[in-house]
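The structure under discussion appears below in the form of structure tokens.
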Amino acid sequence: MKTNKKLLAGVVAVMGLMVGAAAHAHGNRDRVVEPGEVFLGKSYNELASEWTNWFITEPIATNPAFDPDGRFCGLNQRGRVWFLASTFEGIAERTCEVPAGKAIFLSLGGAAVSFAPDFPAAGDPCLLLPTVVDRVRCDVNNDVPPSEISFQVILDGEPIEDLLAFRAQSEPEGFTLRVPDPSFITDVGLPAGDRFPAVADGYFLFLKPLRPGTHTLELRMTNPDQSQTGVDYTLIVGN
């Protein structure tokens, strides 16, 4: 049978479009560490603990959640994973320089932490549970945003889907929350000093290292009343 070159070229072109469409359908998912995965030796559970200690270290004046433009983005960053925060109100615009080769771990908004002996508060039904870590975990579970919230993340113009699957809690045995003075915790009226056990819970995203250059990362959390919080990040990744 003689091959029709035009027909063959057409088939190849269509197949190329199908492959491209499939890749686009997956969007940025290949740039995301999936729940339950370990990457660079780190799991979501471990990083939820580390992120929380990073987050509470700075007082409100220099805290990453109150950062007006990205000027505090490099504070207390160490290791192979770079941390980012959302915000407590409104939409912030931040520009951050990220060293090459760093994975990124961020809160999508609404992350919570509870710790003994400060919590649960007197009269809380969580106090009826048998162990301290169970009581703290019960308390933090009550602080995580309700199911009526929704999240949106757009990385370089493409959305990351199914974000409610990215809820993560710190290690089962709890972790040590290290509270310096000053810090976010002392600013809200609690004393400095280590706390154990602490439990962190919330919606987080673990991204593989981005290629050198400029990237956009848009975060939105929509509350039940339809108000939104979030950040428009410009990430400048070094060579």
Note: among GLU89, GLU93, just one is under 18 Å from the mean Cα position of the chain (by Cα), exposed (fewer than 13 other Cβ atoms within 10 Å of the Cβ) and modelled with pLDDT of 95 or more, namely GLU93
How about segment 28-75: which of its residues are of a type in the set (A, V, I, L, M), surrounded by fewer than 18 Cβ atoms within 10 Å (Cβ to Cβ) and more than 20 Å from LEU217 (Cβ to Cβ)?
VAL38, ILE60, ALA61
Within segment 170-182, which residues are within 16 Å of SER49 (Cβ to Cβ) and either surrounded by 12 or more Cβ atoms within 10 Å (Cβ to Cβ) or over 23 Å from the mean Cα position of the chain (by Cα) (or both)?
SER170, GLU171, GLY174, PHE175, THR176, LEU177, ARG178, VAL179
Filter segment 182-211 down to the residues that are touching a Pro at 6+ places or on another chain (Cβ under 7 Å) and of a type in the set (Asp, Glu) and list them by number.
ASP187
Taking segment 130-163 and keeping residues within 16 Å of ALA198 (Cβ to Cβ) and not charged (D, E, K, R) leaves THR131, VAL132, VAL133, VAL136, CYS138, VAL140, ASN141, ASN142, VAL144
Enumeration of residues in segment 96-118 that are surrounded by fewer than 22 Cβ atoms within 10 Å (Cβ to Cβ) and within 14 Å of ASN142 (Cβ to Cβ)
GLY110, ALA112
Listed by first then second residue, the pairs whose first member lies in segment 53-74 and is closer than 20 Å to ASP232 by Cα, whose partner is among the aromatic types (Phe, Trp, Tyr) and buried (at least 19 other Cβ atoms within 10 Å of the Cβ), with beta carbons under 6 Å and at least 6 positions apart or on separate chains, are THR62/PHE72; ASN63/PHE184; PRO64/PHE72
Return the only residue of PHE204, PHE151, PHE166 being among the aromatic types (Phe, Trp, Tyr) and out of contact with any Ser or Thr (no Cβ under 8 Å at 6 or more places or on another chain).
PHE166
Of the listed residues (VAL140, VAL179, VAL132), the one being under 19 Å from ASN63 (Cβ atoms) and not aromatic (Phe, Trp, Tyr) is VAL179
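Mind checking which residues of segment 197-229 are small (Gly, Ala, Ser) and surrounded by 22 or more Cβ atoms within 10 Å (Cβ to Cβ)? Steps first, answer last, please.
In the first step, residues of segment 197-229 are kept if they are small (Gly, Ala, Ser); the result is 198, 200, 202, 213, 227.
Matches in segment 197-229: ALA198, ALA200, GLY202.
The values are calculated or read from the model by the stated rules, or taken from the named source; none is laboratory data. Keep in mind that what you see is a predicted model, and the values were worked out from it rather than measured. Neighbour counts run over all protein chains shown; Cβ positions are idealised from the backbone, glycine included.
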